[in-house]
């Protein structure tokens with residue numbers, strides 16, 4: 001009788017431990033993914049705040065190269081006192097960025113794509129980047145909304161949101177500074 005009771009208690013204890021371990025693993029994975037997305041938003045924040053020109057993400061479109069409206073962003077920025085063009089995209093569930101000089105056609109300075117965060121699940125129905133239409137901001141306020149989910153877990157999407165204003169953005173900057181986009185490699 002004692003052995004039977006002990007067996008039942010051990011089986012219940014093991015079931016509880018397995019369940020607790022699964023819950024901790026899901027929470028840990030989700031936390032890591034959200035941390036990655038937040039780091040990406042922090043980088044975006046710095047470049048946009050120092051931005052002179054924010055291109056409308058709804059008009060970014062080059063599906064053959066992973067550029068889809070609302071899932072890509074282009075900014076002319078002076079982050080770290082270096083004037084350059086920066087492009088962001090969500091491609092194959094990765095948040096990626098690259099940059100180039102405004103004279104890239106002469107000097108050839110174009111960085112490769114660098115992955116900032118993974119498990120980004122924004123689709124065409126949930127844009128990651130949108131310009132705020134409120135006229136008081138004059139197309140200087142960018143809303144960022146990243147959906148993160150590790151498909152190995154059974155958890156729901158986590159959302160990381162931010163609204164960032166380009167404080168250096170002024171009227172009068174030519175809208176063609178970053179108009180010529182380097183080839184995708």
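Entry note, the chain: the mean residue ellipticity at 222 nm calculated from DSSP H runs of n ≥ 4, each adding -39500 (n - 2.57), is -10000 deg cm²/dmol after division by the residues and rounding to the nearest 500. Mean sequence separation of contacting Cα pairs (under 8 Å, at least six apart), scaled by the length of the chain, corresponds to a relative contact order of 22 percent. Between 0 and 90 degrees, the angle of helix 2-49 with respect to the longest Cα principal axis of the chain falls at about 10 degrees. The structure-derived value of log10 I(q)/I(0) by the Debye sum over Cα atoms at q = 0.08, 0.17 Å⁻¹ appears in the list [x] -0.24, -1.08; [y] -0.39, -1.14; [z] -0.34, -1.06 under the label [z].
The three principal axes of the Cα atoms in region 30-123 give end-to-end lengths of 42, 30, 22 Å, sorted in falling order. Of the residues 114, 84, 74, the one that moves most in a GNM of the chain with alpha-carbon contacts below 10 Å is 114.
Hey, rough spin-label estimate for residue 27 and residue 12, points 7 angstrom out along Cα→Cβ, what's it come to in nanometres? In this crude label model, residue 27 to residue 12 measures out at 2.3 nm.
Region 51-75 and region 81-135 have Cα centres spaced 8 Å apart. Length available on full extension from residue 106 to residue 162: 0.36 nm per residue minus the Cα-Cα distance, which gives 16.6 nm.
For the chain, modelled as a GNM whose springs connect Cα atoms under 10 angstrom apart, the maximal fluctuation among 36, 156, 87 occurs at 156.
FYI, it's all coordinate maths here, none of it is from the lab. Note that the coordinates shown come from a computational prediction; the quantities given were computed from them, not determined experimentally. Neighbour counts run over all protein chains shown; Cβ positions are idealised from the backbone, glycine included.
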